[in-house]
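Asker: Below is the structure I would like to discuss, written out as structure tokens.
The values are calculated or read from the model by the stated rules, or taken from the named source; none is laboratory data. The structure displayed is predicted, hence computed values, not measured ones. Note that each Cβ is placed from the backbone with ideal geometry, even for glycine, and that neighbours are counted across all protein chains shown.
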Amino acid sequence: IASALGPGETGTADPGLEIDYRLDAGSYDGFEPWTIGNVEARYIKHRLNLDTAKGVAKVTGFKPTVDLEERSEGAKGVTVAAGGTAVSFAARFHVAPRVTVVADSASALIATKTGVGQSGFTAHVFDSGGADVGGTVDWNAFGA
């Protein structure tokens with residue numbers, strides 16, 4: 001936040017950032033002071049807080065910035081039933097992540113994934129003839 005006291009004022013301009021945030025199904029619960037940190041949210045409101053008792057300030061810029069933390073999640077030795085098995089992520093991603101699935105087998109099996117979303121995906125294991133036979137897979141999801 002770029003600011004300074006106005007002409008003829010003495011002291012220090014001390015603007016502050018306040019945020020109010022929520023998840024998809026949650027509700028806003030009020031603004032709170034904020035600097036730098038992590039918060040789990042889907043929607044965020046920003047507000048500039050300026051104490052005019054310290055002097056009349058001139059705000060020349062206010063640009064809140066939000067970034068998503070990249071993370072990865074995965075598992076080894078997951079049993080997949082014939083017809084597919086739903087896999088849920090431990091924590092929801094903001095957008096559908098990049099998912100890789102690898103068959104863990106001595107025979108020629110092919111692992112695939114379908115329905116990749118923010119909360120999970122469905123893993124399948126096919127044999128060389130194209131039959132959905134199930135098996136064991138290792139998977140990894142990477143995203144924000």
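Asker: Can you name the residue in segment 41-59 that is over 14 Å from residue 94 (Cα atoms) and basic (Lys, Arg) and is also nearest to the chain's Cα centre (by Cα) among such residues?
Answerer: 45
Asker: Here's a check for you: in segment 17-40, which residue that is modelled with pLDDT under 85 and surrounded by 10 or more Cβ atoms within 10 Å (Cβ to Cβ) is farthest from residue 93 (Cα to Cα)?
Answerer: Among them, the one singled out is 26.
Table: residues versus (1) more than 30 Å from residue 19 (Cα to Cα); (2) assigned to a strand (DSSP E or B).
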site	(1), (2)
67	no, no
72	no, yes
76	yes, yes
94	no, no
101	yes, yes
123	yes, yes
136	yes, yes
139	yes, yes
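Asker: Continuing with the same structure: Of (1) surrounded by 11 or more Cβ atoms within 10 Å (Cβ to Cβ); (2) in contact with a strand residue (DSSP E or B) (Cβ under 6 Å, 6 or more places away or on another chain), residue 72 satisfies all except one. Which?
Answerer: Here residue 72 clears every test but (1).
Asker: Take the residues of segment 69-87 that are of a type outside the set (D, E, K, R) and in contact (Cβ under 8 Å) with a residue 60 or more places away in the chain: which is nearest to residue 122 (Cα to Cα)? Can you show your working first?
Answerer: Going residue by residue through segment 69-87, those that are of a type outside the set (D, E, K, R) are 72, 74-75, 77-87.
Okay, now just the ones that are also in contact (Cβ under 8 Å) with a residue 60 or more places away in the chain, so 72, 74-75, 77-78.
Working: 72: 17, 74: 14, 75: 14, 77: 15, 78: 12 Å.
Across segment 69-87, the extreme among qualifying residues is 78.
Asker: Would you check which residues across segment 119-131 are surrounded by fewer than 15 Cβ atoms within 10 Å (Cβ to Cβ) and either more than 30 Å from residue 39 (Cβ to Cβ) or not hydroxyl-bearing (Ser, Thr, Tyr) (or both) and list them?
Answerer: Scanning segment 119-131 gives 128, 129, 130, 131.
Asker: What are the residues in segment 124-144 that are modelled with pLDDT of 95 or more and under 22 Å from the mean Cα position of the chain (by Cα), if any?
Answerer: 139, 140, 141, 142, 143
Asker: While we're here: Take the residues in segment 1-16 that are closer than 13 Å to residue 49 by Cβ and not charged (D, E, K, R), then tell me which one is modelled with the highest pLDDT.
Answerer: 16
Asker: Return the residues of segment 13-39 that are part of a loop (DSSP other than H, G, I, E, B) and in contact (Cβ under 8 Å) with a residue 40 or more places away in the chain; say none if nothing qualifies.
Answerer: Correct list: 13, 14, 15.
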